[in-house]
1. For the range 51-71, which residues satisfy the criterion of being surrounded by 10 or more Cβ atoms within 10 Å (Cβ to Cβ) and in a loop (DSSP other than H, G, I, E, B)?
2. Among (1) at pLDDT below 80; (2) surrounded by fewer than 10 Cβ atoms within 10 Å (Cβ to Cβ); (3) part of a loop (DSSP other than H, G, I, E, B), there is one condition Phe7 misses while meeting the rest; what is its number?
3. Six or more apart or on different chains, Cβ under 6 Å: which pairs go from a residue in the range 43-66 that's in contact (Cβ under 8 Å) with a residue 40 or more places away in the chain to one that's of a type in the set (D, E, K, R) and surrounded by 10 or more Cβ atoms within 10 Å (Cβ to Cβ)? Could you list them?
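The values are calculated or read from the model by the stated rules, or taken from the named source; none is laboratory data. Bear in mind the structure is a predicted one, so any value in this text is a computation, not a measurement. Neighbour counts are summed over all protein chains in view; Cβ atoms, including those assigned to glycine, are modelled from backbone coordinates with ideal geometry.
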Amino acid sequence: MVKVSYFTSEQIMSFVLQPWQVVFVALSAWVNQRQQQIIEFQNAEIEALLKKLGKKRVLLTDDQRRLLAVKGKALGRKAVLSATTFWSFVREFSPLEVYAG
């Protein structure tokens, strides 16, 4: 059998992470974790406000609609539709109704 190597020994040795790369990865992981915590908090806050509002329509001003349109466009159509679909599902089927049946 012939041993086929895709990398030279020099390339393999140069793959060792540098200290600044380790710090960068750790910092990125911390920032990602912090952002995820903020997103979870904001989702819980939105859910509590929607629950308090009940089945009433949310009336938005033109400025609020414009702001949401700009933010939604930056996210893209798929992200906005999936979020809208998710929240409509949450409002339609509360946990009590799902398990009551």
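1. Leu60
2. Exception for Phe7: condition (2).
3. That search, which allows pairs on different chains as well, returns nothing.
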